[in-house]
1. Take the conditions free of Cβ contacts under 8 Å to residues at least 24 places away in the same chain and surrounded by 14 or more Cβ atoms within 10 Å (Cβ to Cβ) and apply them to residue 62. Does it pass?
2. Just one of the numbered conditions (1) surrounded by 13 or more Cβ atoms within 10 Å (Cβ to Cβ); (2) outside any loop (DSSP other than H, G, I, E, B) is not true of residue 168; which one?
3. Applying the selection to the stretch 45-103, what residues are touching a helix residue (DSSP H, G or I) at 6+ places or on another chain (Cβ under 6 Å) and either under 21 Å from residue 121 (Cβ atoms) or assigned by TED's automatic domain parsing to the domain that holds residue 15 (or both)?
4. Just checking, does the stretch 6-22 include any residue being among the basic types (Lys, Arg) and part of a strand (DSSP E or B)?
5. Go through (1) in contact with a strand residue (DSSP E or B) (Cβ under 8 Å, 6 or more places away or on another chain); (2) farther than 15 Å from residue 98 by Cβ; (3) at pLDDT 85 or above and name the single condition residue 8 misses.
6. Look through the stretch 171-182, keep the residues that are in contact with a strand residue (DSSP E or B) (Cβ under 7 Å, 6 or more places away or on another chain) and modelled with pLDDT under 90, and return whichever of them is surrounded by the fewest Cβ atoms within 10 Å (Cβ to Cβ).
7. Which residues, taken from the stretch 2-56, are among the basic types (Lys, Arg) and loosely packed, with under 12 Cβ neighbours inside 10 Å?
8. List pairs: first in the stretch 71-87 and farther than 19 Å from residue 98 by Cα, second of a type in the set (Lys, Arg) and part of a strand (DSSP E or B), Cβ under 9 Å, 6+ apart or cross-chain?
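The values are calculated or read from the model by the stated rules, or taken from the named source; none is laboratory data. The model shown is predicted, which means the values in this text are computed figures rather than measured ones. Positions of Cβ are generated from backbone atoms using ideal geometry, with glycine treated the same way; all protein chains shown enter the neighbour counts.
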Amino acid sequence: MPKASELKRGSVVDIKGSAHVVIHIDVKSPSSRGANTLYKIRFNDVRTKAKLDETFKGDDILGEVDVERRKVQFSYIEDNFYVFMDEEDYNQYHLAKDMMEAQLPYVTEGSEGILGLVVNGEFVAIELPQSMVLEITECSPSIKGASASARTKPATFVSGLVVQVPEYLEVGERVKVNTHEARYMSRA
């Protein structure tokens, strides 16, 4: 059974007899001694898609849910749904756009390493890898000799995500971006 401090985006837990997917986690560290760190967590109910906000202490234990993780690949967008294809049996899964708000900037055509979370035969969420490779589509021109300095510039990617990157990078280059902190890691 997972503790509140062990939860991450995409985790599935049992709350009041119903499976819920973690959408967002906000950690509040109190300033007074002896006080507990609080975890304000936003969940989506797997069945009803209703949002639920709860606050837990770090050592609070939540119920466990059987989750099957399947390798999936993003296929296309249909109306308000993102369609993913299972890489093993080629089944197609639909996931509502609002169920993956924070993950949308990283889901592009040809994205690899995405896991689909299946609970009781229902596709409920995706889990992104620690980093994704994205292509820069827009940024200011590179500066010759800029590799010696640690200055950065904003770069826009195919999905619209904007991240600070080193000045020496150019449009068309592929870079690794941390999916949890939305920051540049390295060239791909």
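1. Values: free of Cβ contacts under 8 Å to residues at least 24 places away in the same chain: no; surrounded by 14 or more Cβ atoms within 10 Å (Cβ to Cβ): yes.
Against the criterion (free of Cβ contacts under 8 Å to residues at least 24 places away in the same chain and surrounded by 14 or more Cβ atoms within 10 Å (Cβ to Cβ)), residue 62 does not qualify.
2. Among (1) surrounded by 13 or more Cβ atoms within 10 Å (Cβ to Cβ); (2) outside any loop (DSSP other than H, G, I, E, B), the lone unmet condition for residue 168 is (2).
3. We begin by selecting, within the stretch 45-103, every residue touching a helix residue (DSSP H, G or I) at 6+ places or on another chain (Cβ under 6 Å); these are 56, 58, 60, 80.
56, 58, 60, listed by residue number.
4. There is no residue in the stretch 6-22 that is among the basic types (Lys, Arg) and part of a strand (DSSP E or B).
5. Looking at each condition in turn, residue 8 falls short on (3).
6. Let us first name the residues in the stretch 171-182 that are in contact with a strand residue (DSSP E or B) (Cβ under 7 Å, 6 or more places away or on another chain), namely 171-179, 182.
Filter again for modelled with pLDDT under 90, leaving 179, 182.
Working: 179: 21, 182: 14.
Here the answer is 182.
7. So in the stretch 2-56, the residues among the basic types (Lys, Arg) come out as 3, 8-9, 16, 28, 33, 40, 42, 47, 49, 51.
Once the filter is applied, which keeps residues that are among the basic types (Lys, Arg) and loosely packed, with under 12 Cβ neighbours inside 10 Å, the stretch 2-56 yields 8, 16, 28, 33.
8. 86/70; 86/71; 87/70; 87/71
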